[in-house]
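Working notes, beginning with the structure itself.
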């Protein structure tokens, strides 16, 4: 049985592996939860060229949401009237019979109230993967080759990975904001759109910059990529250097590694 974030229809545990679920459900989604359950009210849908499919500008509808409400020419429709429902595309067809369809006329008006996920799990997984690749190549120290679902990184990397992924998500918002349909999400009025949308862009840039600075401070640490031991164990060459050469095989006798070596 699926589990959801309290008070939402945002499902938990749908990522591709346990660590992805940990990063997305416990660290990343709580920071962007409002974006994962955006609700539109009475949004006009368009009739596709096939003359049967009605489609919203936004996909990734939250299934099971009690926010669904579809009206055709002012008449409410039941969920059973919506066939071939495609939540990912935000589209559906209307069942035949009565006045509902599929007899769609050019002047028909279909409006829908729905919730959709601006950051679906598949998208967040790609941002987390990209963030880890950036850390593998860019953090202080030699390159590494960790993967989230295979050869996972140390647990103290998790916060840095999430911060970098969060910065990538803010970049998506900034890019999408340049498109008219995404400005509708922020309820920006016509006058504000002409002037740049008020301070929305500045706020998103601040969130992005804060996340990048936190991640950068951690990755600049000289010991960031050193997991576990901080010192190498002594070798026979070390003992030769401090005690003289010859017969060094026994000079490690009695030495035992501990948590510092």
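The values are calculated or read from the model by the stated rules, or taken from the named source; none is laboratory data. Quick caveat: nothing in here was measured; it's all calculated off a predicted structure. Note that each Cβ is placed from the backbone with ideal geometry, even for glycine, and that neighbours are counted across all protein chains shown.
Some observations on this one:
- Any hit, the stretch 113-120, residues being closer than 21 Å to residue 64 by Cβ, in contact (Cβ under 8 Å) with a residue 60 or more places away in the chain, surrounded by fewer than 17 Cβ atoms within 10 Å (Cβ to Cβ) and in contact with a strand residue (DSSP E or B) (Cβ under 6 Å, 6 or more places away or on another chain): yes
- Selection status of residue 186, assigned by TED's automatic domain parsing to the domain that holds residue 127, surrounded by 13 or more Cβ atoms within 10 Å (Cβ to Cβ), within 30 Å of residue 115 (Cα to Cα) and modelled with pLDDT of 95 or more: no
- The one condition in (1) in a helix (DSSP H, G or I); (2) farther than 30 Å from residue 199 by Cα; (3) modelled with pLDDT under 90 that residue 174 fails to fulfil: (2)
- Which numbered condition residue 102 fails, given (1) within 30 Å of residue 73 (Cα to Cα); (2) over 17 Å from the mean Cα position of the chain (by Cα); (3) modelled with pLDDT of 85 or more: (3)
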